[in-house]
Amino acid sequence: MALMQCTIVCKDRMIYTGKVRVIIARGIEGEVGIYPNHIPFMTMLKAGPLRFVLEDGHEKIGFISGGFLEVQPQMVTVLADSFMHVNSVQEALNLAKNQSA
């Protein structure tokens, strides 16, 4: 399985750095799924779930309150305003809903 380097940081700490299979986030124009060899681009991120699948196949889920996503063919960087580990995508969506209320 193809992998890419991923770095996720927020203003006060490093969240993750390592290889991932995919990363999924809420961009300003909708949800984006990034796989290795994706075309380069940059987008703002909305509050919501940030999911990434590690090299070993385990999925990690967090809630971000917004930020930026930069994509290069073999590297993805997420600059999050804040990050909180959550147990499910639904939990992250609930946090996003509460934040916008």
Worksheet item: For region 1-25, how many residues meet the condition of being touching a residue at least 60 places away in the same chain (Cβ under 8 Å) and under 15 Å from PHE41 (Cβ atoms)?
Response: 1
Worksheet item: Can you spot a residue in region 53-72 that is modelled with pLDDT under 95 and polar (S, T, N, Q)?
Response: yes
Practice prompt. Considering every residue within region 6-23, establish whether at least one is under 17 Å from SER65 (Cβ atoms), touching a helix residue (DSSP H, G or I) at 6+ places or on another chain (Cβ under 9 Å) and crowded, with 16+ Cβ neighbours inside 10 Å.
Written response: no
Item to complete: State which residue pairs qualify: first residue closer than 25 Å to PRO36 by Cα and among the acidic types (Asp, Glu) and inside region 77-101, second residue loosely packed, with under 15 Cβ neighbours inside 10 Å and modelled with pLDDT under 90 in any location, beta carbons under 9 Å apart, and separation of 6 or more residues or different chains.
Response: ASP81/LYS11
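The values are calculated or read from the model by the stated rules, or taken from the named source; none is laboratory data. From a predicted model like this one, the values you see are computed outputs, not experimental measurements. Positions of Cβ are generated from backbone atoms using ideal geometry, with glycine treated the same way; all protein chains shown enter the neighbour counts.
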